[in-house]
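K.L.:
Dropping the structure in here first, questions after.
Read-outs throughout are calculated quantities, based only on the coordinates presented, and are distinct from any laboratory measurement. Predicted model only: the values in this text are computed from it and were never measured. All Cβ positions, glycine included, derive from the backbone under ideal geometry; neighbour counts span all protein chains shown.
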Amino acid sequence: MSIVSRAENGGTATPAVRWKDRRRFYWLLGLLVPLSPFLGWFLVDRFHLGLFWAAGALLLVVVVPLIDLVAGVDKSNPPEQVMASLEADRYYRWCTYLFLPLQYAGLVFACYMWTTAPMGWAERFAMAATVGVVAGVGINAAHELGHKRPKHERWLAKIALAQSFYGHFYVEHNHGHHLRVATPEDPATARYGQSFWAFLPRSVIGGVRSAWVIERARLHRRGARTWSIRNDVLNAWAMSVVLFAVLIAAFGWSVAPWLVVQAVLGFTFLEAANYLEHYGLLRGKRPDGRYERVAPEHSWNSDHVVSNVFLYHLQRHSDHHANPMRRYQTLRSMENAPQLPAGYAVLIVLAFVPPLWRRVMDPLLLEHYDNDLSRINVQPSRV
């Protein structure tokens, strides 16, 4: 589909701009992630190799990085004249909407496999890893939907978060992280010298605390009780409780441990993305002591094509923080943003191995700030 836009300047029409999204149908590839439990079953049935129960994890850490190496980067942006039309194109919304029914079909299928398939413990964990990847990318779909104004999209975001029991992310990310990003006060901003395994509990616990404080303050401003269904933290968590209860009632208590494992793996993948998105970056302070406005240089950016398609342009994170209401198909590559050396899939694996992470990322961070530690968000233990 080509988008044609004609702008007017002082009453004079400018020539029409014709632009075609070359990735238009590639966005459907993101639906391979929630289909990965079914893909795993097919591969196990065909090749009789239990490793394929981990199809989702293999897709994330092996297949996508390899294709990324071949496909390379794409820094092209849609012309400004077509942005409004591109934002309004409902096709792109359905690419995210469709993720949810496939996400939950895969979760139900996994519960069925855990209780009926001849699996050992390792194979059950492999399936949990696959479903955990789906949950983690589901949080990313919720991230896209939760930023939008339509009420139904915000409810869809909560539904997507229910699988990972991470409903508080809906509140904390929009009203906490986006305000405090790239500051020491933000639990979701990793500090220079802080390993992922030190960052993980700080971000998880800090995110829950922050969401509760934000939501309590919102309800108090409206004269409403904190402990009520109107509390967006509580009603999101309630969705998870109902979901887990229904699955346990349908398939038995034997699925309960695996539901917990996949949820933990799901939000761990999400927190790994949080870790790399702002590692060591710091907003300067103005003369009045307040932090400067969020700018592209406060988020790490990546234009690797394939991982961007699978993650709905999450890697164009600099533009997302500058324009959080902008839909994924219109996010732009920002030249003045610090650039990651690879896509998220590769860097998440590096984050799990701190010495490798520091060998790759610390020199890039120091170069970005001209080796001036006073401009870097440093882990206090390193000061």
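K.L.:
Summing -39500 (n - 2.57) over the DSSP H runs of n ≥ 4 in the chain and dividing by its residue number, what mean residue ellipticity at 222 nm do you reach, to the nearest 500 deg cm²/dmol?
P.N.:
-16500 deg cm²/dmol
K.L.:
Place +1 on the Cβ of every Lys and Arg and -1 on the Cβ of every Asp and Glu in the stretch 138-271, take the dipole about the Cα centre, and give the residue among Ser240, Leu145, Gly223 whose Cα lies farthest towards its positive end.
P.N.:
Gly223
K.L.:
For the stretch 246-383, what is Rg from Cα atoms divided by 2.2 N^0.38 Å, rounded to two decimals? Kindly include the intermediate steps, with their values, before the conclusion.
P.N.:
Details: Rg = 18.2 Å, N = 138, 2.2 N^0.38 = 14.3 Å.
Rounded to two decimals, the normalised Rg is 1.27.
K.L.:
How would you rank 88-100, 215-227, 31-43, highest first, on the average number of other Cβ atoms within 10 Å across their residues?
P.N.:
So the peptides 88-100, 215-227, 31-43, ranked by packing, come out 31-43, 88-100, 215-227.
K.L.:
Right, here's the next one. Normalised by the number of residues in the stretch 197-350, what is the relative contact order in percent for Cα pairs under 8 Å and 6+ residues apart? Don't jump to the answer; show the numbers that get you there.
P.N.:
On the way: 141 pairs, mean separation 25.8, N = 154.
Taking the mean separation of contacting Cα pairs over the length of the stretch 197-350, I get 17 percent.
K.L.:
Given a cut-off of under 8 Å on Cα pairs at least six residues apart, what relative contact order in percent is computed for the chain? Numbers along the way, then the final one.
P.N.:
Working: 601 pairs, mean separation 78.2, N = 383.
Taking the mean separation of contacting Cα pairs over the length of the chain, I get 20 percent.
K.L.:
Starting from the Cα of Ser381, step 7 Å toward the Cβ, then list every residue of the stretch 185-217 with an amide N under 11 Å from that point.
P.N.:
193-199
K.L.:
Another one. Tell me which DSSP H helices of the chain clear both cut-offs, 24 Å or more of axial length from alpha-carbon atoms and a mean Kyte-Doolittle hydropathy of at least 0.0. Write out the running numbers ahead of the final one.
P.N.:
Details: long enough: 99-116 (25 Å, 1.04); 121-146 (36 Å, 0.81); 196-221 (37 Å, 0.20); 232-251 (29 Å, 2.02); 256-277 (32 Å, 0.99).
Qualifying helices, which must be both long enough and hydrophobic enough, are 99-116, 121-146, 196-221, 232-251, 256-277.
K.L.:
Can you give me the pair-distance distribution of the stretch 104-252, C-alpha pairs, 10 Å bins, whole percents?
P.N.:
11, 33, 33, 18, 5, 0
K.L.:
Using only the alpha carbons of the stretch 16-113, determine the length spanned along each of the three principal axes and report them from longest to shortest in whole angstroms.
P.N.:
56, 30, 17
K.L.:
Here's a follow-up. Hey, could you grab the Kirkwood Rh for the chain? Inverse mean 1/r over distinct alpha carbon pairs, Å, one decimal. Please report the intermediate quantities before stating the final value.
P.N.:
Numbers: mean 1/r = 0.0458 Å⁻¹.
Taking every pair of different Cα atoms in the chain, averaging 1/r and inverting gives 21.9 Å.
K.L.:
Could you work out the Kirkwood radius for the stretch 318-359, taking every pair of different alpha carbons, averaging 1/r and inverting it, reported in Å? The partial results should precede the final answer.
P.N.:
Numbers: mean 1/r = 0.0822 Å⁻¹.
Hydrodynamic radius (Kirkwood, Cα pairs) of the stretch 318-359 is 12.2 Å.
K.L.:
Another one. Using r as the Cβ-Cβ distance of Glu367 and Val213, and R0 as 35 Å, what FRET efficiency do you calculate, to the nearest 0.05?
P.N.:
Values: r = 36 Å, r/R0 = 1.04.
After rounding, the FRET efficiency stands at 0.45.
K.L.:
Skipping prolines and chain starts, which residues have an amide H placed within reach, meaning under 5 Å, of the one on Val378, given they are 5 or more residues away or on another chain?
P.N.:
Tyr192
K.L.:
Ordered by packing density, taken as the mean number of other Cβ atoms within 10 Å over each peptide's residues, highest first, how do 132-140, 228-236, 358-366, 104-112 rank? Spell out each step's value before the answer.
P.N.:
On the way: 132-140: 27.7, 228-236: 16.8, 358-366: 15.2, 104-112: 19.9.
My ranking of the peptides, most packed first, is 132-140, 104-112, 228-236, 358-366.
K.L.:
Give me the one-decimal nm value for the distance between modelled label points at Val264 and Arg149, 7 Å along each residue's Cα-to-Cβ direction.
P.N.:
That separation, rounded to one decimal, is 4.2 nm.
K.L.:
May I ask you to list the aspartates and glutamates whose Cα is less than 18 Å away from that of Lys158, ignoring any residue fewer than eight positions away on the same chain?
P.N.:
Glu144, Glu172, Glu215, Asp232, Glu271
K.L.:
At a 10 angstrom cut-off on C-beta neighbours, averaged per residue, how do the peptides 249-256, 198-205 rank from highest to lowest?
P.N.:
On the way: 249-256: 13.4, 198-205: 17.5.
Per-residue mean Cβ counts within 10 Å order the peptides as 198-205, 249-256.
K.L.:
Under 5 Å between amide H atoms, partner at least 5 residues away or on a different chain: which partners does Gln339 have, H built in plane at 1.01 Å?
P.N.:
Asn301
K.L.:
With a sphere of radius 13 Å drawn around the Cβ of Ala342, what net charge do the other residues whose Cβ falls strictly inside it have (Lys, Arg +1; Asp, Glu -1)? Present the calculation step by step, with values, prior to reporting the outcome.
P.N.:
Numbers: positive: none; negative: Asp68, Asp303.
After counting each charged neighbour, the total is -2.
K.L.:
Once label points are set 7 Å from the Cα along Cα→Cβ at both Asn235 and Leu179, what is their separation, rounded to one decimal in nm?
P.N.:
Those two pseudo-labels are separated by 2.1 nm.
K.L.:
At 0.36 nm per residue, minus the direct Cα-Cα distance, what do Ser228 and Ile205 gain on full extension? Give it in nm, one decimal, please. Before the final figure, lay out each step's value.
P.N.:
Details: separation 23, 0.36 × 23 = 8.28 nm, distance 2.20 nm.
Separation in residues times 0.36 nm, less the Cα-Cα distance, equals 6.1 nm.
K.L.:
Counting pairs of Cα atoms in the stretch 71-121, how many percent are more than 17 Å apart? Intermediate values should be presented prior to the final figure.
P.N.:
Working: 828 of 1275 pairs.
Of all Cα-Cα distances in the stretch 71-121, 65 percent exceed 17 Å.
K.L.:
Run the reach check for Lys20 against lysines, Cα to Cα strictly under 25 Å, same-chain hits fewer than 8 apart removed. What comes back?
P.N.:
Cα-Cα hits under 25 Å: Lys75, Lys148.
K.L.:
Considering Cα pairs under 8 angstrom that are at least six residues apart, work out the relative contact order of the stretch 140-207 and quote it in whole percent. Show your work: numbers first, answer last.
P.N.:
Values: 54 pairs, mean separation 14.6, N = 68.
Over the stretch 140-207, the number comes to 21 percent.
K.L.:
Right, something else. Taking the alpha-carbon centroid of each part, what is the distance from the stretch 150-182 to the stretch 276-316 in angstrom?
P.N.:
18 Å
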